[in-house]
Amino acid sequence: MDNINKELDDLANEIIKDFKNRQQERKRYEANWQLNINFFIGNQYCAINNNNEVVDFEKQFFWQEREVYNHIAPILEQRLSKLAKVRPSMTVVPFTDSDQDVNCAKVSKNILKATSYKLNLSRLISEATVWSELCGTVFYKVTWNNNKGNTIGFDDGIKICEGDVQIDVVSPFEIFPDSNTYLSLDDCKSVIQARVYNVDTIKDMWGVDVEGKDLDVFTLDSVNLAGGLGYYGRVNKAGKSVKHNSALVLEKYEMPTTKYPNGRLIILADKKIVYIGELPYINKSENKRGYPFISQCSIKNPNCLWGGSVVDRCIPIQRSYNAIKNRKHEFLNRISMGVMAVEDGSIDTDNLEEEGMAPGKVLIYRQGSQVPRLLSSGNVPADFNYEEDRLLNEFLTVSGVSDLLRSSSLTNNISGVALELLIEQDEARLINSAEEIRQAVKEISKQILRLYKQFIDGKTSSKLINGNGSIEMFYWNKSDINSDDVVFETENELNESLAQKRNMIFEIFNSGLLHDENGKLNNSVRYKLLEQLGFGIWENSQDVKTLQIKRAGKEHLMLLDEGRIDMPREIDNHDLHINEHTCFMLSDEFEKAQKRNPKLEKLMLEHIRQHKQFNQIINEKENQHE
């Protein structure tokens, strides 16, 4: 027992030593992230010193102008607003072309939709994109939480849940790879995630008592660094603050090796090992285990795990812009308030410094001395205005973001087609960042399916909300997930704006391609058009024909899944159902299903006969009334 405890203590000390080395190796990147955040929130009088620490600059003179003219924040906000359109829809490719695999792929697609809605994936992507745009890199952590999901029972009054997928956004400050030179996190031999937890949380999660301490964490504060002549201003500052009664938790993930074929996860809480075992999740292809982290970069850097940020490029321009604006205002202060030249001993200079040259002031000077006079400061040099305009244009060039609508000369002298091309070119500069988001969502979707495949036992239910607001419950089990080949269902959203998409729909509509042989637009096509135009909620008007078609489709699924089909109902549109069932029987899907189960044809034909019998009864009653 003593030998085991000694081995655990040695392992804990080894991990702590390794963690401190990784902290030093990553320190210069961390300082860069802090600097970017400071400039974004308005603390722009700071820099990185030789120790890779962010330090603030104080005012050198009391009259010095130190205002912040923040152009980095609106640039980043504009990039975020454009990237907010990137919300890819995912679909699953069937393992084979068999009907069963095709149906499983449809179920897997619905699972992804239901999970995305349940976890509010869109909000998580927005939160992560803020981090990636500021620091260059962010991570998603896809794990399994046994305390989530449907309740399956109680044990001594404690609720037992079936578990569910959990996705967390992890800032780059928490991730420590074994080397910063890898292009991908999966190339790292090991990764450490460091977080500060309250000791009560550690007790609840791992059942271990640890000593609470005061630990430094990254947070925001307010400092007096701005202002000018006669006034002060406060700006936000990103730095360290103290978190009380807390402990540092290190999670070290090691990739599979010959010694540990399933990898290894070691968790330390305040130098105590609270968990040691294999990597918990089969979340990689070919049923392999790996890290639960998925990276998302703003700008990829060669031979480096950490991505770049547009803020890095804008900081030198922002410093120059603040300097030129403040020097300009100092010049205006000299012009408006004046600089007075007086003969030594001719006036009370203390009174003049305290009260200044107030309007109507009686200035008493010594008899025989020269009259005090204001020195001419001239006009503001034109170079100030030229440099200010040049820096504003440089912001647009370096950031890759511009607002074409602000340029009146541009919008007044350009055609609509040319303006549309300029907008496309403007958004094309965000394609790489948008593609990073799409690839991250794709990998998240794969890991979601793999975790459900690993942990779900028996049947479970999910809620699917359609675009028209209708709610549909469906049941599934792990056998329904036989493929994790996830692909994009939509193209990159930045390639086509909503206005372009609507314009294309109107062009197709005007060409007459959507009309039937009688030149009319049927209801199903009409509601599909409304849905594509963004008015899918109008489908709640409950078009009877559309609902009848959906009902017939559900009967087809019941036949394929359960080998049975319900009796026709009086409220059915029997002619419509007969047409839908006939089309279904002529499809390749039914032909393949019939070969596996010859009884399906008999059931389907009997169902169609029943519809025809209902039709005959209705026609006879109508003839009697006539």
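The values are calculated or read from the model by the stated rules, or taken from the named source; none is laboratory data. What you are looking at is a predicted structure, and each value in this text was computed from that prediction instead of being measured. Cβ coordinates were reconstructed from backbone atoms using ideal geometry, including for glycine residues, and neighbour counts include every protein chain displayed.
Given the structure, is Ile565 modelled with pLDDT under 80, among the hydrophobic types (A, V, I, L, M, F, W, C) and either under 30 Å from the mean Cα position of the chain (by Cα) or not in a helix (DSSP H, G or I) (or both)?
Values: modelled with pLDDT under 80: no; among the hydrophobic types (A, V, I, L, M, F, W, C): yes; either under 30 Å from the mean Cα position of the chain (by Cα) or not in a helix (DSSP H, G or I) (or both): yes.
So Ile565 does not fit the description; no.
Mind listing whichever residues of the stretch 568-595 are of a type in the set (D, E, K, R) and in a helix (DSSP H, G or I)?
Going residue by residue through the stretch 568-595, those that are of a type in the set (D, E, K, R) are 569-570, 572, 575, 580, 588-589, 591-592, 595.
Correct list: Asp575, Glu580, Asp588, Glu589, Glu591, Lys592, Lys595.
Taking the stretch 435-449 as the region of interest, how many residues are closer than 13 Å to Asp485 by Cβ and crowded, with 22+ Cβ neighbours inside 10 Å?
Going through the stretch 435-449 one residue at a time, the tally reaches 2.
Only one of (1) within 30 Å of Asp457 (Cα to Cα); (2) modelled with pLDDT of 90 or more is not met by Val130, so which one is it?
Against the list (1) within 30 Å of Asp457 (Cα to Cα); (2) modelled with pLDDT of 90 or more, Val130 comes up short only on (1).
Give just the number: which of (1) free of Cβ contacts under 8 Å to residues at least 24 places away in the same chain; (2) assigned to a strand (DSSP E or B); (3) surrounded by 14 or more Cβ atoms within 10 Å (Cβ to Cβ) does Lys106 not satisfy?
So Lys106 meets the others, but not (2).
Among the residues of the stretch 1-52, which ones are under 34 Å from the mean Cα position of the chain (by Cα), free of Cβ contacts under 8 Å to residues at least 40 places away in the same chain and part of a helix (DSSP H, G or I)?
Hits for the stretch 1-52 are Lys17, Lys20, Asn21, Gln24, Lys27, Arg28, Ala31.
Considering only residues that are surrounded by fewer than 18 Cβ atoms within 10 Å (Cβ to Cβ) and not acidic (Asp, Glu), which ones fall in the stretch 178-189?
Once the filter is applied, which keeps residues that are surrounded by fewer than 18 Cβ atoms within 10 Å (Cβ to Cβ) and not acidic (Asp, Glu), the stretch 178-189 yields Ser179, Asn180, Thr181, Tyr182, Leu183, Ser184, Lys189.
For the stretch 58-73, name all the residues that are touching a residue at least 60 places away in the same chain (Cβ under 8 Å), among the hydrophobic types (A, V, I, L, M, F, W, C) and in a loop (DSSP other than H, G, I, E, B).
Step one: of the stretch 58-73, the residues touching a residue at least 60 places away in the same chain (Cβ under 8 Å) are 58-59, 62-72.
Right, trim to among the hydrophobic types (A, V, I, L, M, F, W, C) and you get 62-63, 68, 72.
Once the filter is applied, which keeps residues that are touching a residue at least 60 places away in the same chain (Cβ under 8 Å), among the hydrophobic types (A, V, I, L, M, F, W, C) and in a loop (DSSP other than H, G, I, E, B), the stretch 58-73 yields Phe62, Trp63, Val68.
Yes or no: Ser369 of a type in the set (Ser, Thr, Tyr), exposed (fewer than 15 other Cβ atoms within 10 Å of the Cβ) and either modelled with pLDDT of 80 or more or assigned to a helix (DSSP H, G or I) (or both)?
On the way: of a type in the set (Ser, Thr, Tyr): yes; exposed (fewer than 15 other Cβ atoms within 10 Å of the Cβ): yes; either modelled with pLDDT of 80 or more or assigned to a helix (DSSP H, G or I) (or both): no.
So Ser369 does not fit the description; no.
Within the stretch 270-279, can one find any residue that is assigned to a loop (DSSP other than H, G, I, E, B), on the phi > 0 side of the Ramachandran plot and either of a type in the set (Asp, Glu) or at pLDDT 90 or above (or both)?
Kept after step one, since they are assigned to a loop (DSSP other than H, G, I, E, B), are these residues of the stretch 270-279: 270-271, 278-279.
Subset that is on the phi > 0 side of the Ramachandran plot: 270-271.
Next cut, either of a type in the set (Asp, Glu) or at pLDDT 90 or above (or both) only: 270.
Looking for residues that are assigned to a loop (DSSP other than H, G, I, E, B), on the phi > 0 side of the Ramachandran plot and either of a type in the set (Asp, Glu) or at pLDDT 90 or above (or both), one finds at least one in the stretch 270-279, hence yes.
Kindly provide the set of residues from the stretch 572-616 that are over 21 Å from Lys545 (Cβ atoms), among the polar types (S, T, N, Q) and in contact (Cβ under 8 Å) with a residue 12 or more places away in the chain, ordered by number. Give the steps one after another, and end with the answer.
Residues of the stretch 572-616 that are over 21 Å from Lys545 (Cβ atoms), as a first pass: 588-606, 609, 613, 616.
Subset that is among the polar types (S, T, N, Q): 594, 597, 613, 616.
Residue satisfying the conditions is Asn597 alone.
For the subset of the stretch 85-101 comprising residues that are under 18 Å from Glu591 (Cα atoms) and surrounded by fewer than 18 Cβ atoms within 10 Å (Cβ to Cβ), which member is farthest from the chain's Cα centre (by Cα)?
Ranking the candidates gives Ser98 first.
Pick from Ile617, Ile608: which is farther than 25 Å from Lys106 by Cα and either among the hydroxyl-bearing types (Ser, Thr, Tyr) or out of contact with any helix residue (DSSP H, G or I) (no Cβ under 7 Å at 6 or more places or on another chain) (or both)? Steps first, please.
On the way: Ile608 fails: either among the hydroxyl-bearing types (Ser, Thr, Tyr) or out of contact with any helix residue (DSSP H, G or I) (no Cβ under 7 Å at 6 or more places or on another chain) (or both).
Criteria check complete, one pass: Ile617.
Suppose we filter the stretch 171-200 for residues that are more than 18 Å from Ile266 (Cα to Cα) and either hydroxyl-bearing (Ser, Thr, Tyr) or in a loop (DSSP other than H, G, I, E, B) (or both); how many remain?
7
Anything in the stretch 132-177 that is surrounded by 19 or more Cβ atoms within 10 Å (Cβ to Cβ), among the acidic types (Asp, Glu) and over 28 Å from Glu77 (Cβ atoms)? List them, or say none.
Across the stretch 132-177, the qualifying residue is only Asp164.
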